[in-house]
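Reading through the structure tokens given below for one structure.
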Amino acid sequence: MYQDLKFWVSDTICAGLSPISGPLFAKTCSRFIDGFLVTTELLALACGIGFFLAIALTFARVSGRSVLVWPAQIFVYVFRGTPLLVQLWIIYFGVGSLGEQGLGPVLWTFFKNPWLVGLLVLTLNTSAYVSEIFRGGLANVEKGQMEAALSIGMPWLRAMRRIMLPQAIRIAWPAYGNELILMMKGSALISTITVMDLMGQTRTIFARNFDLNTYLYAAILYLVLAACISVFVAVMERRFRRSVGR
Amino acid sequence: MEQINTVLGPLSFGQGGWGDDLLNGALLTLQLALCAMLAGLVMGLGLAGMKLSRTRMLRWPAAAYTLFMRGVPEFLILLFVFFGSDSLINAVATSLGFQGGYEVPKFMAAVAGLSIIFAAYACEIFRGAYLAVPSGQIEAGQAIGLSRSQVFFRIRFPQLWRFAIPGLGNLWMVVLKDTSLAAVIALNELLRIAKLGGETEQSPLLFFVAAGALYLMMTSLSDVVRSALERRARRGMAGA
């Protein structure tokens, strides 16, 4: 059903592009579009889940309870201090090498699937960066807001969620938009763990024809994706500004 | 030494261990990051000059370049440069009448790839820093009769660095981490050594974690240096 939809999308786009595209692109169009859809799908999932994980991490980091603060701090420190590629390889090739006897049947079905591992690592990675962005946003919300919320009897968590967080996200939104673009560019690395995203398809096509134009076509598709993200960020930003009444 | 080596197992130093190989890899990683950063800074300064110039012919190419570089994955650029530089150099060589079949050294290709990416980011940092110098100072300079070049070299340029340092510090961290991409083009930097070691000793988890720990050490050290530099750059600034 979903797969049919994806096929339909790629067929339609390729049929529409065929009059203007060169012979190389026409022949490999469905591969490019398939990869494009895989990248988009992974990004949407990773950024969506990562958003909420980042909020949880940020709350843990500012909660003031060392049981919560320390693990969250260490998590963010490690994920921001090591390259994404290393994280991917540690989890896919490293943890994956323990095999079925080391991991047990349930974990093994998870860790042998590159798509799921890619999603996991991208999610964890982005949540660490976004948590840092949100923490910066929280620091710029006036302290009086929190004091007012607490003094009318709101519990800490609710005050954070309803009063502080919405304002922090508004402040941090431009930085968050940057992180979305960086995430999009970082997602190309999951092709190294055999996921057939846009980069994976590109490398496969290049390995067959050794035509450098292949990379150019992929670059254009990535630019399209970056433009879509920029538009989304700008639209949301205008919304935020309207609701504040400025 | 013996005792340390037994604890380290396959990561031990000396004959048969991978400890010294990993450290050499880390050294290559640092060299790669330094070269890419330096080349990127020089190109970034040039690009920032183009972007700030009054001629459209200079401004637009620079704007297009930064837009392109910041919207396309680093990995793609790196692979394109890696595969493209060989064909480029051979095309030039054959057109000049030399025999083809040259190969660009992997290190050079990696430096070229990384530096053309980070030039785009450095350009934005320098542009922001240039515009961050308060206009009152420029007016004051003009008022006491300094020429345009004097205003640039005596007022803007010395202050460029203090406004640019926080951004450049961030950029260095990104460059340091992105050198790991060179492992994919088989340059023997830290991550690739870890991959080779993991395959040979059949314990990839241990080797990748060791590589990760070394990266973490390098970024932590850089962070210390960065905050010291930032403190120094903020000296005497209002609100510091």
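Since every read-out is calculated from the coordinates, none of them should be taken as a lab result. All values reported here derive from a predicted model rather than from experimental measurement. Using ideal geometry, Cβ is built from the backbone for each residue, glycine included, and neighbour counts are taken over all protein chains shown.
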- [ ] Rank-order B:134-145, B:85-96, A:107-118 by packing density, defined as the average count of other C-beta atoms within 10 Å over each peptide's residues, highest first.
- [x] A:107-118, B:85-96, B:134-145
Open item on the list: For A:Lys6, give me every one of the lysines with a C-alpha distance below 20 angstrom, ignoring sequence neighbours fewer than eight places off in its own chain.
Closed with: A:Lys27
Open item on the list: Which of the three applies to region B:31-186, rounded, prolate or oblate, going by the alpha-carbon gyration tensor with a ≥ b ≥ c and a/c under 1.5 meaning rounded?
Closed with: prolate
Task: GNM flexibility winner over chain A from A:Ile33, A:Ile20, A:Ile171 (Cα, springs under 10 Å) - done: A:Ile20
TODO: Translational diffusion coefficient, Stokes-Einstein: compute it for region B:102-192 using the Kirkwood radius over C-alpha pairs as Rh, at 37 °C and 0.692 mPa s, and state it as an integer in µm² s⁻¹.
DONE: 210 µm²/s
TODO: Could you work out the mean count of beta carbons from other protein chains within 10 Å of each residue's beta carbon in B:202-215?
DONE: 5
Open item on the list: How tilted is helix B:106-132 with respect to the longest principal axis of chain B? Cα atoms for both, answer in degrees (0 to 90, nearest 10).
Closed with: 30 degrees
Task: Gyration tensor verdict on chain A (Cα atoms; rounded if a/c is under 1.5, prolate if a/b is larger than b/c, oblate otherwise) - done: oblate
TODO: State whether the protein assembly as shown is rounded, prolate or oblate according to the following rule on the C-alpha gyration tensor (a ≥ b ≥ c being the square roots of its eigenvalues): a/c under 1.5 gives rounded; otherwise a/b larger than b/c gives prolate, and the remaining case gives oblate.
DONE: rounded
Open item on the list: Per DSSP helix of 4 or more residues, -39500 (n - 2.57); summed, then divided by the residues of chain B. What does that give at 222 nm, rounded to the nearest 500?
Closed with: -25500 deg cm²/dmol
Task: For region B:9-87 and region B:115-133, distance of Cα centres in Å - done: 15 Å
Task: Amide N proximity, region A:72-94 versus A:Leu107 label position 7 Å along Cα-to-Cβ, cut-off under 20 Å - done: A:75, A:79, A:87-94
Task: Cys with no candidate disulfide partner in chain A (beta-carbon separation under 4.7 Å rule) - done: A:Cys47, A:Cys228
TODO: Take every residue in peptide A:90-96, count the Cβ atoms of other chains within 10 Å of its Cβ, and give the average of those counts.
DONE: 5
- [ ] Step through the residues of region A:62-67 one at a time and calculate ³J(HN,Hα) from phi using the Karplus curve (6.51 cos²θ - 1.76 cosθ + 1.60, θ = phi - 60°), rounding each to whole Hz and writing x for Gly and Pro.
- [x] 9, 5, x, 9, 5, 4
TODO: Lys and Arg at +1, Asp and Glu at -1: add these up for the other residues within a Cβ distance under 15 Å of B:Val81 and post the number.
DONE: -2
Task: Potential lengthening between B:Val224 and B:Gln31 on full extension [0.36 nm per residue; Cα-Cα distance subtracted] - done: 67.6 nm
Open item on the list: Using the Cα centre of chain A as the reference point, and only Cβ charges (+1 on K/R, -1 on D/E), how large is the resulting charge dipole? Debye, rounded to the nearest 20.
Closed with: 780 debye
- [ ] Could you tally the net charge around A:Trp89, taking each other residue with its Cβ under 14 Å from the Cβ of A:Trp89, Lys/Arg +1 and Asp/Glu -1?
- [x] +1
TODO: In whole Hz, with x marking every Gly and Pro, tabulate ³J(HN,Hα) for region A:32-44 from phi via Karplus 6.51 cos²θ - 1.76 cosθ + 1.60, θ = phi - 60°.
DONE: 4, 5, 4, x, 4, 5, 4, 4, 4, 4, 4, 5, 4
Task: J(HN,Hα) series, region A:208-216, from Karplus relation 6.51 cos²θ - 1.76 cosθ + 1.60, nearest Hz, glycine and proline x - done: 8, 10, 6, 9, 5, 4, 3, 5, 5
